[in-house]
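Encoded as structure tokens, the structure appears first; notes follow it.
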Amino acid sequence: MDNTRKLIGRYPSDTQATPFDFGSGHINPLAALNPGLIYRFDSSDVIDFLCSIGARPAQLKILTGQTTYCQNPTKQSSDFNNPSIGVSNMKGSIPVYRTVTYYGTGPTAYVVKADDPAGVQVTVTPAQLKFTKTGENMSFRIDFKPLKTSDGNFVFGALTWSNGVHKVRRPIALQVLSL
């Protein structure tokens, strides 16, 4: 919604905007100092992502400075551990995996709420993450089950993890081509 409580529109056509147009929302710098959960990744995650989209050893050497080979089989690009989920050319149900790191004080539990993209059922396992100390990592699986095909356009949703203090939201963009 915009500041007049209307759906955000694209300029100049004023058609309805999508998350591809406006992203995940505004950054709150004060909240970033105490994020609750983060999606950590390192150089091996970047290599895995590049391999998933077809990078060759010569291309990886430019990045790493040494000959680097991809795992066989490669990981799915949708499993890149970043705070958003995007899947194009989706054919049937797929699982997506993420790992979060807790940054807070004392034990806490985060519960997930899914805003399902139109025509897709979203299931998260586990639906609750119980952390005992800061720096602890926990992984979860998101299953996407298409209930209908799209017309080639993306459908959008979100996952939000909340412990009553923090709300950690991640956008979802899916292009369902077949059941």
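Which one is right for this structure if volume of the Cα convex hull per residue in Å³ is calculated from it: (1) 114; (2) 167; (3) 140? Here the calculated entry is (2). Model label points for residue 118 and residue 2, set 7 angstrom from Cα along the Cα-to-Cβ axis, are 2.0 nm apart. For the options 42, 79, 115, a Gaussian network treatment of the chain with springs between C-alpha atoms closer than 10 Å singles out 42 as fluctuating the most. In order along the stretch 137-154, the Karplus-derived 3J(HN,Hα) couplings, from 6.51 cos²θ - 1.76 cosθ + 1.60 at θ = phi - 60°, round to 9, 9, 10, 8, 10, 10, 9, 10, 10, x, 9, 7, 7, 9, 8, x, 8, 7 Hz, and Gly and Pro are given as x. A simple charge model with +1 on the Cβ of Lys and Arg, -1 on the Cβ of Asp and Glu and nothing else charged puts the dipole of the stretch 27-85 at about 140 debye relative to its Cα centre. For the pair the stretch 1-68 / the stretch 107-144, the C-alpha centres are spaced 20 Å from each other.
Look at the alpha carbon pairs under 8 Å that are at least 6 residues apart: their mean separation over the length of the stretch 43-135 gives a relative contact order of 22 percent.
Structural descriptor for the chain: relative contact order 22 percent, calculated from alpha carbon pairs under 8 angstrom and at least 6 residues apart.
Beyond 20 Å in Cα-Cα separation lie the following of the pairs 91/145; 91/148; 130/167; 113/167; 113/145; 6/148: 6/148. Per-residue ellipticity at 222 nm from helix content only, as computed over the chain with -39500 (n - 2.57) for each DSSP H run of at least four residues, stands at -3500 deg cm²/dmol. Evaluated with a Cβ-only charge set (Lys, Arg +1; Asp, Glu -1), the stretch 91-179 carries a dipole of roughly 140 debye about its Cα centre, given to the nearest 20.
Laboratory data are not the source of any read-out in this text; all were calculated from the coordinates shown. Given the structure is predicted, the values throughout are model-derived calculations rather than measurements. Backbone-built Cβ (ideal geometry, glycine too); neighbour counts: all protein chains shown.
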